[in-house]
Amino acid sequence: MASLDAIFSPKSVAVIGASTRRGSLGREILHNIIEYEFHGTLFPVNPKADFIHSIKCYPSVLDIPDAVELAIVVVPADAVPHVLRECGEKGVKGIVVISAGFKETGEDGAKREQELVRIVRDYGMRLIGPNCMGVFGTHPKVRLNATFAPMMPIDGDVAFMSQSGAMGVAILHAIGRMNVGFSFFASVGNKADVSGNDLLTYWEGDERTRVIALYLESFGNPRRFTRLAKRISRHKPIIAVKSGRTPAGARAATSHTGALAGGELAVDALLSQVGVLRAESIEDMLDLVVAFSRCPLPRGNRVAVLTNAGGPAIMATDALLAAEMSMAKLSQETKEDLKSFLPDEASVINPIDMIASARAEDYRRALEVLLDDPGVDLAIVVSVPPHMLVPDDVAEAITQVSRRHAKPVLGTFMAKEEFYETFPKRHPDCPPLYRFPESAARAAASLYRYRRWQQRPVGEVRTFEVDRDAALELTQSQLDKGGGPMSQENAFALLRAYGVPVAAVSRVADVEEAVAAAERIGYPVVLKASDARIEHKSDVGGVALDLRSDSDVRSALHVMRDGIHKTRGLEVEAFVVQRQAAPGREVILGMAQDPLFGPLLMFGSGGRYVEVFKDIAFRVLPLTDVDAHEMIESIKGYTLLTGFRGEPPVDLVTAEEMILRVAQLVSDFDCIREMDINPFLLTPQRADCMAVDVRIRLGDPGSAAQDLAP
């Protein structure tokens, strides 16, 4: 990571493609470096100019007599490889290629980009870009602004990475208007060499960086990101917004898990699993960046709302409760203190409504009292200024109070637009200011959610003693046949090899074998069609429950066989007879391979209607015991599992263990493409918990997501 110092903390910079033409990228980048007062040596490079900006210009980087650490390249795409070779010969260590015309343009551009990568690796250089808008670092000893953004960065503690140059400019401008300062910025463009993961690692060790913000369009190496983000987010908040939420196309899936899984579910699972705060929009990300940059973290989720207008306070309360925050219960002493100076018409029940006549002094005194209450963890101040009240007075009052307390304060001011730009510039340490109460509530909830993440146990990836040899034999046998769906009997055997209890099952070909199997297993039994061509057995009458005699089995098999032939035109390949499981709560355990993220595990409420209710939770590997525990607690049906209306709770320890055993199985065998254990019955007794039905489809091993990108 020290190699990135040449990019963010260089002692000398060459702008190759510097220009005298106003509006050109070469001219704007050179101008920004000068205007931001770079603390180093600057060398314009242009064979057609002697001087640019009154600075001596050189025909080539090789003609510069002094050492060059960083080169900013703004030349046509065809000329970039030659320029990079010259930089390598010169001993340049860092390269930022602004030029476009590479991978983003198609196959020819991709070949040019591959050539750039070969060159920088041959010479031991690091490259940001191509097709980017540049970088900056605000350290007082460096002060480098090598971008073509139209605004000058403010020194601060936010490191920001953008995959999009245009979005980067817009976000920089918006954050700058809020007077939030940066430690670093990088537009990574095509990420040919330096990736977002490299930047995370670099910023992790930077003492000036307190908050990391990411605008993502894609993941290069999600598995490396998982490891890094989980570690970094323990001590620095990472806020990310990712575009591309809608799927590019439907993927064929034969399982419930495959139908429910998707790229964005994988992204949500990954980010929540590693403590990254996912913003829903650019505006949401900006709100969070301001909050984390200016607020301490709350000890809990108890919020006091202070206002001079009832409507916005109600909106704030609704938004807080929807975000699983709670309204603080004020002590009697706090209420008496508030009554001592507020008018009789005021309400001292949280939210505290001081009515429209409230002055700045009332805000100051009331906020002081609320923050002194041990039952309050954070406060949201809402102000709707009437004509006789200057909003700056109230904002100054709450700023003064917030300085004296370690509890976060967030403000909502329904004021004129210029207030949000001018006040933070006059008072850089003011609380975050929002236009609407819902924004403040979401930011408050994110502060608390991040506090909970920091306090969350790390967890461990548990492994169990399993019969891996038996599992290998079963999977290899199926792969020898070309993969595809495993037979029910073999799928159950694979689960048993990894310690997942299953209902006793026997594959049969005809009525007599079915009767013999039922007698061997013991009544009552279940009869099911076993045919790879039938995706969901219950949809075609392929399941018969609670068969209690030989005659029941005979009758059920005849009806099932004839019905499937009539409706689907199929001669059923075989049937399975299975022990009738004890009544319990139906859950689903599943897995689908995501092309980028690898195995995507699912747990949720199971049964026939799993795709209707979608009461499910996803996680990616590696999966810890804490992750498994949270998967169970996160579904809406969790209340039913813990006991409802006098019913006994199911064995949740077994449920957690089953998730971890499935995780171990799919981690050991990347040939498993999809898996549904639906239903898995959970009961109060471990002995009665078991898989009742399972579908497992195999594919080519090694086709899961790999560490493909930097």
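Brief remarks on what is shown
- Kirkwood hydrodynamic radius of the range 504-579, Cα pairs, Å: 11.9 Å
- Seen through its C-alpha gyration tensor, with square-root eigenvalues sorted a ≥ b ≥ c, the chain comes out oblate because a/c lies at 1.5 or above while a/b is not bigger than b/c.
- In order along the range 325-331, the phi-based Karplus estimate (6.51 cos²θ - 1.76 cosθ + 1.60, θ = phi - 60°) of 3J(HN,Hα) comes to 8, 10, 7, 5, 8, 6, 6 Hz; Gly and Pro are listed as x.
- Global geometry of the range 2-209, whether rounded, prolate or oblate, following the gyration tensor of its Cα atoms and the 1.5 cut on a/c: rounded
- Nearest 10 degrees, 0 to 90: helix 107-122 Cα axis against the chain principal axis: 70 degrees
- Contact order for the range 419-499, expressed relative to its length and based on alpha carbon pairs under 8 Å spaced 6+ residues apart, stands at 27 percent.
- Those aspartates and glutamates that a straight Cα-Cα span of less than 19 Å connects to Lys335, excepting residues fewer than 8 apart in one chain: Asp344, Glu345, Asp353, Glu361, Asp362, Glu368, Asp372, Asp373, Asp377
- Of all beta bridges that DSSP places with both ends in the chain, some 50 percent have antiparallel geometry.
- Of interest is the spacing of the C-alpha centroids, which for the range 6-81 and the range 527-562 amounts to 77 Å.
- Mean-position separation - Cα centroids, the range 98-170 and the range 345-407, in angstrom: 44 Å
- Working note: Karplus 6.51/-1.76/1.60 with θ = phi - 60° gives the range 638-650 the couplings 4, 4, 5, 6, 8, x, 9, 6, x, 6, x, x, 7 Hz, where Gly and Pro are set to x.
- Rounded, prolate or oblate (a/c below 1.5 giving rounded, otherwise prolate when a/b exceeds b/c) for the range 497-544 by Cα gyration tensor: oblate
- Exposure proxy ranking for His536, His39, based on other Cβ atoms within 10 angstrom of each Cβ and starting from the fewest, stands as His39, His536.
- Folded to 0 to 90 degrees: helix 360-372 orientation relative to the chain principal axis, Cα: 50 degrees
- The relative contact order of the chain, computed from alpha carbon pairs under 8 Å that lie at least 6 residues apart in sequence, is 10 percent.
- Its relative contact order, with pairs defined as Cα atoms under 8 Å and 6+ residues apart, puts the range 2-209 at 20 percent.
- Straight-line cross-link reach from Lys103 at under 18 Å between alpha-carbon atoms covers these lysines, not counting any fewer than eight positions away in the same chain: Lys111, Lys191.
- Taking amide H atoms as placed 1.01 Å from N in the peptide plane, the amide H of Arg608 has no partner under 5 Å among residues 5 or more positions away or on other chains.
- Between Asp63 and Leu479, the simple spin-label model (points 7 angstrom out along Cα→Cβ) gives 6.0 nm.
- Across the chain, the longest run free of exposed loop sites, meaning chymotrypsin sites (Phe, Trp or Tyr not before Pro) lying outside DSSP classes H, G, I, E and B with no more than 13 other Cβ atoms within 10 Å, spans 1-340.
- The HN-Hα couplings worked out from phi for the range 449-460 by the Karplus form 6.51 cos²θ - 1.76 cosθ + 1.60 (θ = phi - 60°) are 4, 5, 4, 5, 4, 4, 8, 5, x, 5, x, 9 Hz, whole numbers, x standing for Gly and Pro.
- C-alpha long axis of helix 165-177 to longest principal axis of the chain, angle in °: 60 degrees
- Rounded to 0.05, the FRET efficiency of the Val117 and Ala504 pair, given R0 = 56 Å and the Cβ-Cβ distance, is 0.50.
- Note on Lys416: lysines with a C-alpha under 23 Å away, same-chain residues under 8 apart excluded, are Lys425.
- Size of charge dipole - the range 585-698 - debye, nearest 20, with Cβ of Lys, Arg +1 and Asp, Glu -1, no other charges: 280 debye
Taken together, the values in this text are just the output of simple stated rules run on the coordinates, not laboratory data. This one's a predicted model, so the numbers in the text were calculated from it and none came from an experiment. Reconstructed Cβ throughout: ideal geometry from the backbone, glycine too, with neighbour counts over all protein chains shown.
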